[in-house]
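Values in this text are rule-based calculations from the coordinates and carry no lab data. Everything numeric here is computed off the predicted structure, so don't read it as measured data. Glycine also receives a Cβ, built like all others from the backbone with ideal geometry; neighbour counts cover every protein chain displayed.
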Amino acid sequence: MQSENTEPIRGNMMKIKSDDRGFTLIELMVVIIILGILVGYVGVRVMGKPEEARRTKARVQMETIETALKLYKLDSGVYPSTEQGLQALVDPPEVGQLPGKWREGGYLEKAKVPKDPWGNEYVYLSPGIHGDFDLISYGGDGEPGGEGRDEDINNWELE
């Protein structure tokens, strides 16, 4: 015995509406134009920041090197000399005042002294003019002084 209500329900489930067609070409074009505007706006803002990112990376690297230098001093009693350089944080020094204790594996991760974000060596002076040691990145031009992208980054000016 079938009830009267069963047949109409089955009939409705089998029907496909003819107005369920998806997006029109105009709707797709509007979405593409909006996405293009957003990408253009965001892209301009992000593309202007690589120099700021390099400067931030240099500051972070300098803070890491400063920490390694302080650990070196805790173990040996002195900072590496200018002659020994930052390489003393990776390999036991063989010149100048040799450390009494030198940490196995060195004081820097990856067992190498990083270059600044522009591919130049950091300048290290010990004793420094502004403190126990000076650590300097000469910025984009690799030369002392400069403005903007070429401005020096100095450890004594870090916050």
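Values computed for the structure shown
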{"read-out": "Using θ = phi - 60° and Karplus 6.51 cos²θ - 1.76 cosθ + 1.60, couplings along segment 131-136 (whole Hz; Gly, Pro as x)", "value": "x, 4, 8, 10, 10, 9"}
{"read-out": "Only Lys, Arg (+1) and Asp, Glu (-1) charged, at Cβ; segment 50-157 dipole about Cα centre in debye", "value": "500"}
{"read-out": "Percent of C-alpha pairs per 10 Å bin, segment 50-157, short to long", "value": "15, 47, 29, 8, 0"}
